[in-house]
Number of protein chains: 2
Amino acid sequence: MRDGRAATAPSQRVALGRHAERGQYDFETIAAILDEALVCHVGFVVDGQPYVIPTTYARIGHDLYLHGSPVARWIRVLGSRAPLCVTVTLLDGLVLARSAFRHSMNYRSVVVLGRATQVDDPQEKMGAFEALVEHVAPGRWNDGIRHPSDAEIRATMVLRIPLDEASAKMRKGPPLDAEGDLAREVWAGHLPMRWVAGDPIADPALAPSFEIPGYVAEYTRAAK
Amino acid sequence: MRDGRAATAPSQRVALGRHAERGQYDFETIAAILDEALVCHVGFVVDGQPYVIPTTYARIGHDLYLHGSPVARWIRVLGSRAPLCVTVTLLDGLVLARSAFRHSMNYRSVVVLGRATQVDDPQEKMGAFEALVEHVAPGRWNDGIRHPSDAEIRATMVLRIPLDEASAKMRKGPPLDAEGDLAREVWAGHLPMRWVAGDPIADPALAPSFEIPGYVAEYTRAAK
């Protein structure tokens, strides 16, 4: 996948079984989904028990970055090079078929398997912080926020996960009803869903003279 | 939790470590988050490797129901009573603080640990299918769709997961900047985010005379 394209799955573990036609393994597709979504779900194992927790992330090139307090269990487990799974899902719509059986969702998802490496280099950590802020709100890092202090950098664990073993899966478009159901007297189709931002709510401690920056006022998660 | 209220965590495994003030264990809170979200992320383990996959679900009382093709690996693993984790996350907004360090997300999430039981009783399976359809589009089950045939019921594995070991976690409201950062020249606040439905897209094979039903035309995921 490092060369930008992989028509086939990088490993059997991320190859799609069912609905193989929904699978994609090229890096651009995977990167675009990761860049559009905001939250990932990270899976890890403690004493044979799987745990799945939501957290933010950022992508820099062929790596994914996670961060958290070194006090948090999940990041300590992942920081010890335990096997992990990072899954990102964009729900694009509801698929309302004529039969209950053919109801479905339109979505784009990415699954990444691997192990994380703790990032110790302060410069790489700072780069990850910038990517994490810019992933959430592009334009904010250089809009006057205070960048992390040495103490804050030390107080944050940063993990790097290579995007070597990853796959994307997606479904789009109308329902696929069986021929025999097409004449049923019921509306069928699909309903697109999307994230939208509401009105920004200024911090109560903010001076009222502050203008809302454009990247907040016109916030969107649509693909760039 | 079966009595509707549990002020304390039902187990150490789902008790919150960091940000314990964000944790909630009462059933109504957990049920409301599960009912509002559409997709869960299910974690399971194969050969020590965690996997996390997105899927739909429905809640009936104190149980969660999942379904899938018996050919799919994840449901076969879960159907064999492997330990699992089901996580549901509602992203409610972005928290834009004056320091990079205090940036955060507003969210509501639920983590359920346990093991699934395969549902074999056709009547309970049918109830689960109804709940799954109604969870996605309330009103659709009795709007003329074809209910599952015996063959379709047999061709679908349904799993029941008790909501005995679950916790909710949430954050809301403005950023919490350190005193020393309050005077910085940067906009701070939070940006609410929500799911909205776009315009329904009728199936190309649908007769043009069909009216869009109200539960589709006025679709919303807001809490009931």
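Annotation note: Cβ proximity below 7 Å between a residue of the stretch A:1-29 that is at negative phi and a residue that is β-branched (V, I, T) and modelled with pLDDT under 75 (sequence gap 6+ or interchain) occurs for no pair.
So, in the stretch A:41-51, exactly how many residues are touching a residue at least 24 places away in the same chain (Cβ under 8 Å) and either more than 19 Å from A:A131 (Cα to Cα) or out of contact with any Leu (no Cβ under 8 Å at 6 or more places or on another chain) (or both)? Even if it seems obvious, please write down each step before you answer.
First, the residues of the stretch A:41-51 that are touching a residue at least 24 places away in the same chain (Cβ under 8 Å): A:41-46.
Filter once more, so that each one left must be either more than 19 Å from A:A131 (Cα to Cα) or out of contact with any Leu (no Cβ under 8 Å at 6 or more places or on another chain) (or both): A:41, A:43-46.
Adding up the residues that qualify gives 5.
Of the residues making up the stretch B:183-219, just one is assigned to a loop (DSSP other than H, G, I, E, B), free of Cβ contacts under 8 Å to residues at least 40 places away in the same chain, at the interface with chain A (Cβ under 7 Å from one of its Cβ atoms) and within 30 Å of A:D143 (Cβ to Cβ), namely B:E185. Please enumerate the residues belonging to the stretch B:29-72 that are within 7 Å of chain A (Cβ to nearest Cβ), outside any strand (DSSP E or B) and within 19 Å of A:L113 (Cβ to Cβ). Scanning the stretch B:29-72 gives B:G48, B:A72.
Just checking, does the stretch B:12-20 include any residue being buried (at least 17 other Cβ atoms within 10 Å of the Cβ), at pLDDT 85 or above and more than 14 Å from chain A (Cβ to nearest Cβ)? Write out each step before concluding.
Pass one, the stretch B:12-20, residues buried (at least 17 other Cβ atoms within 10 Å of the Cβ): B:14.
Those left that are additionally at pLDDT 85 or above: B:14.
Still in the list and also more than 14 Å from chain A (Cβ to nearest Cβ): none.
No, the stretch B:12-20 contains no residue that is buried (at least 17 other Cβ atoms within 10 Å of the Cβ), at pLDDT 85 or above and more than 14 Å from chain A (Cβ to nearest Cβ).
In this structure, is A:R102 among the charged types (D, E, K, R) and surrounded by 21 or more Cβ atoms within 10 Å (Cβ to Cβ)? When the stated conditions are applied, A:R102 does not pass them.
Scanning the stretch B:187-224 for residues that are among the charged types (D, E, K, R) and surrounded by fewer than 14 Cβ atoms within 10 Å (Cβ to Cβ) returns B:D199, B:E211, B:E218, B:K224.
Give the stretch B:163-182 a look and list any residue that's in contact (Cβ under 8 Å) with a residue 40 or more places away in the chain and either within 10 Å of another protein chain (Cβ to nearest Cβ) or outside any strand (DSSP E or B) (or both), or say none. Explain how you work it out, then say what you get.
Step one: of the stretch B:163-182, the residues in contact (Cβ under 8 Å) with a residue 40 or more places away in the chain are B:163-178, B:181-182.
B:L163, B:D164, B:K169, B:K172, B:G173, B:P174, B:P175, B:L176, B:D177, B:A178, B:D181, B:L182 - these are the residues of the stretch B:163-182 that are in contact (Cβ under 8 Å) with a residue 40 or more places away in the chain and either within 10 Å of another protein chain (Cβ to nearest Cβ) or outside any strand (DSSP E or B) (or both).
When you go through A:D150, A:D143, A:D181 one by one, which is the residue that is modelled with pLDDT of 95 or more, touching a Ser or Thr at 6+ places or on another chain (Cβ under 6 Å) and of a type in the set (D, E)? Selected residue: A:D181, the only one of A:D150, A:D143, A:D181 that is modelled with pLDDT of 95 or more, touching a Ser or Thr at 6+ places or on another chain (Cβ under 6 Å) and of a type in the set (D, E).
The values are calculated or read from the model by the stated rules, or taken from the named source; none is laboratory data. This is a predicted model, so every value here is computed, not measured. A quick note on method: Cβ atoms are made from the backbone with ideal geometry, for glycine too, and the neighbour counts reach across all protein chains shown.
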